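Undergrad: Sending over a structure as structure tokens; questions will come in a sec.
Taken together, the values in this text are just the output of simple stated rules run on the coordinates, not laboratory data. Not measured: the values here are computed from a predicted model. Every residue, glycine as well, gets a Cβ built from its backbone with ideal geometry; the counts of neighbours run over all protein chains shown.
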Amino acid sequence: MYVYDEIDQTLVDERVAQFRDQMRRRVAGELSEDEFRPLRLMNGLYLQLHAYMLRVAIPYGTLSSAQLRQLATIGRRWDRGFGHFTTRQNLQYNWPKLEDTPDILAALAEVQMHALQTSGNCIRNVTADQYAGVAAGEAADPRIYSELIRQWSTLHPEFSFLPRKFKIAVTGCADDRAAVKVHDIGLVARRNVAGELGFEVIVGGGLGRAPMIGHTVRAFLPERHLLSYLEAILRVYNRYGRRDNKFKARIKILVHERGAAAFTADVEAEWEAMRLDAVDLPPEEVARVAAFFAPPPYEGLPGGEDRALTAHRFEDRAFAQWLPTNVAAYKQQGYAIANISLKPEGGIPGDATSEQMEAVATLADRSSFGEIRVTHAQNLVLPHVAQRDLHAVWQTLRAHDVTASNLSLVSDIIACPGLDYCALANARSIPVAQRILRRFAGLERQHDIGELGIKISGCINACGHHHVGAIGILGVDRKGEEYYQITLGGHAGTDASIGEIVGPAVSSEQVVDAIDTIVATYVAQRRDGERFIDTYRRVGKEPFKESLYATH
């Protein structure tokens, strides 16, 4: 993992001291709420429906065990004993008191964490593939370049007040787990025919009011030009992005209105004009950062499945159900990637109690070289587990109610906090998710249904990524009543697509039955081996629309 140097630590410590004084002046009445608002947002502090919410940055979704323990301690001491992991690989506390937030930020700084740039019209937390560095077939470890972008973009004077918030995602695999095509900038590490490293640069993706898939503006950008090319993109956006209308201020609108070809020409012209003065990525700096992400000290384990693992698979049925859904292949023989679902039956997607976080931190020390990852699907990952340790890991997780064997299945739901917390929401997300989790609680049925992503947002801002859910659910307000619009066919992977609205919104009372009907229609229509997304793309929305509105 990356370790702060003196500059990093000084920056976050000074920001804590600065915010402590700003908070003091607000409480003393020396600052009005209007004056304080931009200051608190610069430090990730939002005012929601019932309380403040603090959003903590987890750069490219990577945590040490010490950091996760500190997050648990903060939740217990200053919140209500839990934290909420988000689709941006961040963590949110929903109940901090204003007077406590400087102490929370100071506690974060103790373990090299912060809340910088988790709000505001700036470059937000850079996200990456949760399997970075351990997945087979990577062109490069995306954490290296995410960290370089983080250092380059943090408090960058030219990009601290952009037309709108700006999100960057990086992956090193052809199999996209970072949703790069629905980010303002998506980067895919690739190697050309000569074996040289570079990036496909995708610009103009995004969700929200106008969901769009990004456009490739460079099929192959040599590694050394990464930061200068990103700067050219942001300069063009800063120059031409709408500042008169926040709903049209995202870079996706600029790309759409100018056209992808014209936008690309603008970027290329800007880049050519600045290249002579721009600083390329120094190889020694890439090497310095890469050293922090060197492989852990693996044991020389034999190939094939571990004998103890095989025995436990046959002896423990519940463990055997967990393995195929929650354990992924690792590039080093004898090891595995253990995914931890935060979607228990009737639970709140993405929530983890302080006790659960501490248990995962202990497991990371014991069995994963002290490292944890946060996923875009609001789950956790132990990325370096020896196969022989998987059963012991599973037993500990079971003792803390985090062994749901449902990764990528119908109950692995993504949901924003919705109207239970968020002042922007039109409808609740959490109760709907909980009811769906209960409806599809049986593992036998879930495995029969197979891979199916349900994503729920409480408003059009799409924090639950409903536009790219195989089944997307959007909360809408109808004269004070909560209704839910359903979209089908969304996907955030390499073959990304935006879901289509299937018909009129359904009421809160009808929505779970509607999802059940859609799933039943898929099961009746599918061919052998087809996922929901495959069946939908083959048959279209009409069979689903007919069955749904015949009964609702």
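Undergrad: Loop only per DSSP, at most 11 neighbouring Cβ atoms within 10 Å: give me the GluC sites (Glu not before Pro) in the range 137-197, ordered by residue number.
TA: E158
Undergrad: For the pair F161 and L276, how long in nm is the line joining their label points, each one 7 Å along Cα→Cβ?
TA: Placing both labels 7 Å beyond Cα along the Cβ direction yields 3.1 nm.
Undergrad: Using only Cα positions of the chain, each an equal point scatterer, no hydration layer, compute I(q)/I(0) via Debye at q = 0.06, 0.10, 0.11, 0.12 Å⁻¹ and quote the log10 values to two decimals.
TA: -0.28, -0.84, -1.03, -1.25
Undergrad: Follow-up question, since we're still on this one. Along the charge dipole of the chain, Cβ charges K/R +1 and D/E -1, which of L91, A377, A28 sits furthest on the positive end?
TA: So the residue furthest toward the plus end is A28.
Undergrad: Obtain the radius of gyration and the Kirkwood radius of the range 243-286 from its C-alpha atoms and give Rg over Rh.
TA: 1.17
Undergrad: Just want to confirm a number: the relative contact order over the chain, from Cα pairs under 8 angstrom separated by 6+ residues, in percent.
TA: 12
Undergrad: Would you work out the Kirkwood radius for the range 171-290? I mean one over the mean of 1/r across all pairs of different Cα atoms, in Å.
TA: One over the average 1/r among Cα pairs gives 15.1 Å for the range 171-290.
Undergrad: For the range 424-552, calculate the relative contact order in percent as a whole number, restricting contacts to Cα pairs under 8 Å that are 6 or more residues apart.
TA: It rounds to 20 percent for the range 424-552.
Undergrad: List the extent of the Cα atoms of the range 6-110 along each of their three principal axes, largest first, rounded to whole Å.
TA: 40, 36, 24
Undergrad: Using Cα pairs closer than 8 Å and at least 6 residues apart in sequence, work out the relative contact order for the range 1-147, in percent. Before the final figure, lay out each step's value.
TA: Values: 203 pairs, mean separation 42.4, N = 147.
Once divided by the residue count of the range 1-147, the mean separation gives 29 percent.
Undergrad: Starting at the first residue of the range 30-40, write each ³J(HN,Hα) from the Karplus equation 6.51 cos²θ - 1.76 cosθ + 1.60 with θ = phi - 60°, in whole Hz, x for Gly and Pro.
TA: My calculation for the range 30-40 gives 7, 10, 6, 4, 5, 6, 7, 3, x, 6, 5 Hz in order.
Undergrad: Compute the normalised compactness of the range 106-183: alpha-carbon radius of gyration over 2.2 N^0.38 Å, N being the residue count.
TA: Normalised by 2.2 N^0.38 Å, the Cα Rg of the range 106-183 equals 1.20.
Undergrad: Around R25, what is the net charge, scoring Lys/Arg as +1 and Asp/Glu as -1 over all other residues with Cβ under 14 Å from its Cβ?
TA: Residues near R25 contribute -1 overall.
Undergrad: Could you work out the Kirkwood radius for the range 296-421, taking every pair of different alpha carbons, averaging 1/r and inverting it, reported in Å?
TA: Working: mean 1/r = 0.0667 Å⁻¹.
Hydrodynamic radius (Kirkwood, Cα only) of the range 296-421 equals 15.0 Å.
Undergrad: Given the DSSP H assignment, sum -39500 (n - 2.57) over each helix run of at least 4 residues in the chain and divide by its residue total; what's the result at 222 nm in deg cm²/dmol, nearest 500?
TA: -11500 deg cm²/dmol
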